[in-house]
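The values are calculated or read from the model by the stated rules, or taken from the named source; none is laboratory data. What you are looking at is a predicted structure, and each value in this text was computed from that prediction instead of being measured. Backbone-built Cβ (ideal geometry, glycine too); neighbour counts: all protein chains shown. Just so you know, the surface numbers come from the protein's heavy atoms only, side chains and all, with ligands and any DNA or RNA stripped out. Shrake-Rupley method; radii C 1.70, N 1.55, O 1.52, S 1.80 Å.
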Amino acid sequence: SIWCKYQNGDDPVIDIEIYLGAGFIESRPHWREVMHEYFRPNNKDNEYIPISITRKVRSFSNKNLEPFDSSLHLKLSKNHANTLKVLQITDVHFKCSDDGLSILNEFQTVNFIANVIEIESPDMVVITGDFLDGPNSFDFQTCIMKLVQPMIKKGIPYAFSVGHMDFSRYATQSQLKDFVMQLPYCLNKWSSTDGHMAVEIKLNSGSEIVIYVLDSFMSIEPFFVERERLKLPQYSLAFRHLPINDYRPEGSFPLIGKYNERSALQLNTEINQNVGNILNTFKVMALSCGYEHNNDCCLRSKDDIWLCYGGSTGVGLPRMTDMNANIRMFKIDDDKGEVKSWKRSTASIESVYDYQYIRVVQHKG
C-alpha cells in the first residue's frame, strides 16, 4: 500500500510513479522524489529491492521547456550558431539491479556522460541503442531515467535508436517507447510510425542540416521515399544501432580508430540491404552506430560515406577487450565548411583522440 499525505499549502498530487532498482534519478522539472531507494524485503527471494517513489506536483506547461517544435527544427540560441555538435552515447547496458559492481559502473557511466557534456556543450545527443540489458534490466524506467538525467539537467534534446537488448521482461516494446516519448527534451515523440526521425536544423548562416536517427529493425525505404520531394541539405549525418554490410569492406580502405570485430554481420537482408545506397543517394556524410563494443573506428566506404562506431559508453562492460568506455562527437562548422569527429574516453576525459575530418565542403563564401 502507498499512503500520500496532503496538507494545506502543498501542491496537489497529480500522479505517483514507483521505480524499482538502484540508481534512480528524478530529473524531470515537474516531478519531485518523495522516497529514494527504500529497501523493501522481497519475501519470495529473501532479498531487498530498492523502491523509489516520485510524484507529479502540478500541471506543468512551459513553452520554453523544449528548444524545438513539432516540425523538428532545433532552435539554436547560442552566439556561435553556425556550428552544430552531436554527442553519441551507445551500449551502456544498464541493469539498475542491486548488484554492487553494476551500481558502481552505472554511476561512473552517468558521471562520465555528464562530464563530457560539461566539456563539449553539445546541441544534441543521440543514443544508439542497448541502453538496457534485456532480461538483466530490473526496471527499464529506472534505467532510462538514470541515463537521460545529464541531458534533462542541461536542457539538451536527445533521441533514442532502439537496440536489440532494449526490451523488458515486465513491459511491452510499445510501453517502453511510450515512456521514452513522454520524457522532457526527447525527440522520439516526433518519430515516424516506423520509428525513424529526421531532425532538421537551420543555422544562422542559412545552411541546413538533417540528423537522421534510424530504427535498425524497420525498413527505411518508405521513410526516405517521403523525403524525395525535399531539397537536400548542405550537411547530413545518420545514426542507428546496427552496422550495415558496408561496414565490412573488402581490400584496403581508409580507417581511423580500433577495428577489432570483423566477423560476418548477421543482419536482416530485407531491411538492411539498401541502407547504404539510400544514404548515399541522400548525400549522408557519415553513419554512426553501436552494437560492436570493441570497434570505435571510422572507415570510409566505396560510396565515400564514413562509417563510424561509437564503441561503448558503458563503464566496465564484460565484452570490451583493452577498450575504455568512450563517447564520440561530431561537429558541423559552417563557417569553415567542415564536418569533424573525435572521441573522449574514461582514460583521459580532458583529451580528445582519433580527431578526423569527415568532410570538407565547398565554402559558400
* To do: Identify all residues within segment 309-361 that are part of a loop (DSSP other than H, G, I, E, B), closer than 21 Å to residue 211 by Cβ and of a type outside the set (A, V, I, L, M, F, W, C); write none if there are none.
  => 310, 311, 313, 334, 335, 336, 337
* Structure fact -> Within segment 213-267, residues being open to solvent by 40 Å² or more (accessible area, probe 1.4 Å) and among the aliphatic types (A, V, I, L, M) number 7
* Residue in segment 242-260 that is of a type outside the set (Ser, Thr, Tyr), over 21 Å from residue 163 (Cβ atoms) and part of a strand (DSSP E or B) present -> yes
* Selection count, segment 113-151, where residues are open to solvent by 10 Å² or more (accessible area, probe 1.4 Å) and among the hydrophobic types (A, V, I, L, M, F, W, C) -> 4
* Restricting the search to segment 332-347, which residues are open to solvent by 50 Å² or more (accessible area, probe 1.4 Å) and within 22 Å of the chain's Cα centre (by Cα)? -> 346, 347
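Would you mind stating whether residue 201 is open to solvent by 20 Å² or more (accessible area, probe 1.4 Å), in contact (Cβ under 8 Å) with a residue 60 or more places away in the chain and not charged (D, E, K, R)? Steps first, please.
Details: open to solvent by 20 Å² or more (accessible area, probe 1.4 Å): no; in contact (Cβ under 8 Å) with a residue 60 or more places away in the chain: yes; not charged (D, E, K, R): yes.
Here the answer is no, as residue 201 does not meet what is asked.
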* To do: Could you list, in sequence order, all residues of segment 112-148 that are assigned to a helix (DSSP H, G or I) and on the phi > 0 side of the Ramachandran plot?
  => 134
* Asked: Quick one: which of 94, 60, 140 is at pLDDT 65 or above and over 30 Å from residue 352 (Cα atoms)?
  -> 140
* Asked: Within segment 273-289, is even one residue assigned to a loop (DSSP other than H, G, I, E, B), farther than 29 Å from residue 338 by Cβ and of a type in the set (S, T, N, Q)?
  -> yes
* Asked: Mind checking which pairs have a first residue in segment 149-173 that is part of a helix (DSSP H, G or I) and a second that is among the charged types (D, E, K, R) and surrounded by 15 or more Cβ atoms within 10 Å (Cβ to Cβ), Cβ under 8 Å, 6 or more apart or different chains?
  -> 152/28
